[in-house]
Amino acid sequence: MVLLATIPYKTFPKIALGPFELRTFGVMVGLGVLIGAWVAARFIEQHTGVVRDETYRLATRLVIGGVIGARITWDLSHTNQIHSLLDLVAVWKGGLQFSGGFIAAVIIGFPTFRRWTRSVRWSNLDGYAYGLTLGLAFGRVGCISVGEHFGSHSTWLGAVEYRGGAVREDFLGPNRLFVGETFHNTAIYELVYLLVLFGILTWLVRRRPAPGTVMGVFCLYYGTARFLSDFLRVNDKTVWPGLTGAQYLMIAVFLAGIWIMTRVRKTTSVDELTLAAPAVPEPSDGEALESTP
């Protein structure tokens, strides 16, 4: 019954291409960056007229800063896996934490965001949220490949049965992982709900909502889903009252989503209507004289 109720799971940290071996995590994160940036640039160009090269330049800065921030927070929350200076920066083996990357990207992008008009700013942020959703999904495939973000023991339908392979996390909490163990794999869960979110956003984008809507939906959906799925993780450090660092960030993200949906969308909707309204021509001098009693 356990075999029927769980998903067979074996890690695949390397991809063999003849005499060459590629690190799966790095490949998937790289694909996520490229495809996510393309999706964002295409959206932004269509909705704001900003050329794609400008989006790619800003996206490059955000990604570099995000990776650095994500690695720093992962190091701080996984000190038991740091055994050398090389371990501090070995991102090709896996080990990026979204919370640190998100904060770093916001800090780096803020000076640019504030220079745009309100409507352009939120249309751009919509594009980045849209691309980020797909980029994160590719990144979670990388996490699945190297064996990290494991949850507690479980035999439910969506749990996995470990069939072997090198892993980043060789414990489930206090217990060592063994072949045949069944548990929640939160990276797989996140991959699934990110793909669902991307489908929702794609449907939303086609309806051309007010600027800020896509980002607002992203914050509400991802903030809720990630907050809940983190309760299953057993290897992440927690702080009072038992929440992970990512969960505290998700609370802020969710609140930001409420603010965007209730306040920002109203103002950007007004801006859009103002821009779309035809200008009333000024009367000529002759017309003004004729209308004078």
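The values are calculated or read from the model by the stated rules, or taken from the named source; none is laboratory data. These figures come from a predicted structure and were not determined experimentally. Neighbour counts run over all protein chains shown; Cβ positions are idealised from the backbone, glycine included. With ligands, DNA and RNA removed, areas are computed over all heavy atoms of the protein, side chains included. Shrake-Rupley method; radii C 1.70, N 1.55, O 1.52, S 1.80 Å.
Couplings 3J(HN,Hα) of the range 178-193, computed from phi: 9, 4, x, 5, 10, 7, 6, 10, 5, 5, 5, 4, 5, 4, 5, 6 Hz, in residue order, whole Hz [Karplus 6.51 cos²θ - 1.76 cosθ + 1.60, θ = phi - 60°; x for Gly and Pro]. Each residue was assigned an accessible area with a 1.4 Å probe, and for ARG176 the value is about 140 Å². Using only Cα atoms, tell me the angle between helix 52-77 and the longest principal axis of the chain; keep it within 0 to 90° and round to the nearest 10. Taking the Cα atoms of the chain, the angle to 52-77 is about 40 degrees. Residue order by solvent-accessible surface for LYS266, LYS237 is LYS266, LYS237, largest first, with ligands and nucleic acids left out and a 1.4 Å probe.
With a 1.4 Å probe and every protein chain kept in, tell me what percent of the accessible surface of the chain is carbon plus sulfur. Before the final figure, lay out each step's value.
Working: 10690 of 15680 Å².
Summing carbon and sulfur atoms, their accessible area is 68 percent of the total for the chain.
Between ARG206 and LYS93, the C-beta separation translates, for a Förster distance of 35 Å, into a calculated FRET efficiency of about 0.35.
Dividing the helix sum by the residues of the chain, where each DSSP H run of 4 or more adds -39500 (n - 2.57), gives a mean residue ellipticity at 222 nm of -20000 deg cm²/dmol. Size descriptors for the range 1-66, from the alpha-carbon set: Rg then Dmax equal 18.2, 56 Å.
Rank ILE44, ILE107, ILE258 by accessible area, highest first, at a 1.4 Å probe radius? List each step's numbers first, then the result.
Numbers: ILE44 0, ILE107 115, ILE258 70 Å².
Highest to lowest solvent-accessible surface, that is ILE107, ILE258, ILE44.
Within the shell of other residues whose beta carbon sits under 14 angstrom from the beta carbon of VAL27, the net charge comes to +3, with Lys and Arg scored +1 and Asp and Glu -1. Given a 1.4 Å probe and the protein chains as shown, HIS184 ends up with an accessible area of around 30 Å².
Candidate cross-link partners of LYS237 among the lysines, defined by an alpha-carbon separation under 26 Å and a same-chain spacing of 8 or more, comprise LYS10, LYS93. Projecting the Cα atoms of ASN185, LEU96, TYR130 onto the dipole axis of the chain, where Lys and Arg carry +1 and Asp and Glu carry -1 at the beta carbon, places ASN185 farthest toward the positive end.
Multiply the residue separation of ARG163 and LYS237 by 0.36 nm, subtract the distance between their alpha-carbon atoms, and state the gained length in nm to one decimal.
Numbers: separation 74, 0.36 × 74 = 26.64 nm, distance 2.61 nm.
Gain on extension, ARG163 to LYS237, equals 24.0 nm.
Ligands, DNA and RNA excluded, the heavy atoms of ASP170 present near 70 Å² of accessible surface to a 1.4 Å solvent probe. Among ALA166, ALA246, ALA104, the residue with the largest mean-square fluctuation in a Gaussian network model of the chain, with springs joining Cα atoms closer than 10 Å, is ALA166. Treating r as the C-beta distance of TRP259 and ARG52 and R0 as 25 Å, the FRET efficiency rounds to 0.30.
Specify the residue with the greatest mean-square fluctuation among ARG71, ARG115, ARG52, computed from a Gaussian network of the chain linking alpha-carbon atoms under 10 Å apart. Greatest mean-square fluctuation among the candidates belongs to ARG115.
Once the cut-off is 23 Å, how many percent of the Cα-Cα pairs in the range 129-223 end up in the long-distance tail? Don't skip to the end; give the middle numbers.
Numbers: 1673 of 4465 pairs.
Tail of the P(r) past 23 Å holds 37 percent of the pairs.
Solvent exposure of the range 106-252 amounts to 43 Å² per residue of accessible area, where only protein heavy atoms count and the probe is 1.4 Å. In the calculated pair distance distribution of the chain, what percentage of Cα-Cα distances lie above 24 Å? Tail of the P(r) past 24 Å holds 56 percent of the pairs.
Using a simple spin-label model with pseudo-atoms 7 Å out from Cα toward Cβ, ARG176 and LEU31 lie 3.4 nm apart.
Could you tell me the calculated FRET efficiency between ILE82 and PHE110, based on Cβ-Cβ distance and R0 = 51 angstrom, to the nearest 0.05?
Working: r = 30 Å, r/R0 = 0.59.
FRET efficiency, ILE82 to PHE110: 0.95.
When the solvent-accessible surface of protein heavy atoms is calculated with a 1.4 angstrom probe, in what order do LEU136, LEU17 fall, highest first?
Details: LEU136 30, LEU17 95 Å².
Largest accessible area first, the list is LEU17, LEU136.
Expressed as an acute angle from 0 to 90° and rounded to the nearest 10, what is the orientation of the C-alpha long axis of helix 24-48 relative to the principal long axis of the chain? That works out to roughly 10 degrees. So what's the angle, to the nearest 10 degrees on a 0 to 90 scale, between helix 118-146 and the longest Cα principal axis of the chain? Compared with the principal axis, the helix lies near 10 degrees. Charge dipole of the chain (Cα centre as origin; +1 on each Lys and Arg Cβ, -1 on each Asp and Glu Cβ, all else neutral): 540 debye, rounded to the nearest 20.
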